[in-house]
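Have a look at the structure below before the remarks.
The values are calculated or read from the model by the stated rules, or taken from the named source; none is laboratory data. On a predicted model such as this, the values are computed, not experimentally measured, just so you know. Glycine gets a Cβ as well: all are built from the backbone with ideal geometry, and neighbour counts include every protein chain shown.
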Amino acid sequence: MSRIFITGSTDGLGLAAARTLLRQGHDVVLHARSRERAAAISDTSAAALGLVIGDLASAAETRSIAEQVNAIGRMDAVIHNAGIYLERSRGETPEGHAKTLAVNLLAPYLLTAWITRPDRLIYLTSGMHRSGASSLDDIDWKRRPWNASQAYSESKLHIATLAAALARHWPDVLSNSVDPGWVPTKMGGAGAPDDLEMGHLTQTWLATSDDGAARVSGGYWYHRQQRAAAAEVGDVGFQDALVEKLAELIGVRLFAERP
């Protein structure tokens with residue numbers, strides 16, 4: 001039995017993953033953006049080990065989420081599932097960041113820094129990461145005209161790169177990124193062609209399985225198969241530049257040493 005925390009677990013892939021893990025007998029800690037969202041999954045939360053509440057667009061609420069999780073106890077695995085897709089505008093978080101950047105990248109970075117280190121980390125990315133720009137000059141979209149699709153693609157390139165950097169810096173942790181495919185969730189839309197079940201089974205498998213195939217680190221996964229990610233993901237120089245950029249941007253350093 002494992003203890004797993006899943007961000008964004010009130011619907012879609014996060015909720016499907018939570019229900020699968022609960023059926024398998026694991027202890028699951030759920031996450032909802034608000035109390036209203038939490039009320040919608042009362043049947044699932046009743047069976048869970050715990051439920052934490054907070055908006056990942058806010059660094060202060062993200063800190064609260066981490067504190068709530070740590071108060072429950074050390075997790076064996078964390079699945080960073082939460083994400084947003086095509087925002088109509090850059091938006092503005094309480095800290096002044098682009099909302100897509102904040103939810104898809106800064107929040108999982110901060111949670112990774114603040115939650116007691118687990119044995120396994122899983123980050124959801126997307127096949128769209130291959131369209132992400134390799135320049136880190138304006139990742140917060142303060143100078144460029146807003147482009148929702150490009151912002152999403154970049155956030156997914158960066159989260160896959162972060163997963164790979166963690167695998168290198170923390171050899172005692174299994175860190176992987178997962179492309180769930182284009183699945184028929186609220187985000188993906190009803191006409192999405194990929195398999196919803198396979199969309200969440202890779203992350204639950206990586207979070208709990210003792211199979212040798214699942215006990216790897218630094219992989220980019222699609223439907224339980226390792227795939228080749230964009231070249232930047234495995235580029236040590238790009239990994240280090242990204243981690244340094246994020247540390248400068250939000251004032252939290254993930255690794256004690258400078259890359």
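In the stretch 17-33, is there at least one residue being among the charged types (D, E, K, R) and under 14 Å from H80 (Cα atoms)? The answer is yes, given that some residue of the stretch 17-33 is among the charged types (D, E, K, R) and under 14 Å from H80 (Cα atoms). Quick check on the stretch 78-99. Is at least one of its residues of a type in the set (S, T, Y), outside any loop (DSSP other than H, G, I, E, B) and at pLDDT 95 or above? Within the stretch 78-99, not a single residue is of a type in the set (S, T, Y), outside any loop (DSSP other than H, G, I, E, B) and at pLDDT 95 or above.
Among residues of the stretch 237-256 that are within 13 Å of H169 (Cα to Cα) and in a helix (DSSP H, G or I), those with a Cβ under 6 angstrom from a residue that is among the polar types (S, T, N, Q) and modelled with pLDDT of 95 or more, sequence gap 6+ or separate chain, pair up as Q239/T161. Just the residues that are surrounded by 16 or more Cβ atoms within 10 Å (Cβ to Cβ) and under 19 Å from I122 (Cα atoms), please, taken from the stretch 225-242. Hits for the stretch 225-242 are A229, A230, E232, V233, G234, Q239, L242. None of A16, A98 is within 20 Å of D140 (Cα to Cα) and buried (at least 18 other Cβ atoms within 10 Å of the Cβ) except A98. Residues that are buried (at least 17 other Cβ atoms within 10 Å of the Cβ) and part of a helix (DSSP H, G or I) occur in the stretch 39-47; there is at least one.
Restricting attention to the stretch 20-36, the residues that are surrounded by fewer than 18 Cβ atoms within 10 Å (Cβ to Cβ) and either closer than 20 Å to L206 by Cα or in contact with a strand residue (DSSP E or B) (Cβ under 9 Å, 6 or more places away or on another chain) (or both) total 6.
Taking the listed residues A17, A40, A32, the one that is touching a helix residue (DSSP H, G or I) at 6+ places or on another chain (Cβ under 6 Å) and without any contact (Cβ under 8 Å) to a residue 40 or more places away in the chain is A32, with no other qualifying. Within the stretch 143-171, restricting attention to residues that are outside any helix (DSSP H, G or I) and in contact (Cβ under 8 Å) with a residue 24 or more places away in the chain, the residue that is surrounded by the fewest Cβ atoms within 10 Å (Cβ to Cβ) is P171. Residues in the stretch 52-66 that are under 17 Å from G91 (Cβ atoms) and either free of Cβ contacts under 8 Å to residues at least 24 places away in the same chain or among the hydroxyl-bearing types (S, T, Y) (or both): D55, S58, E61, T62.
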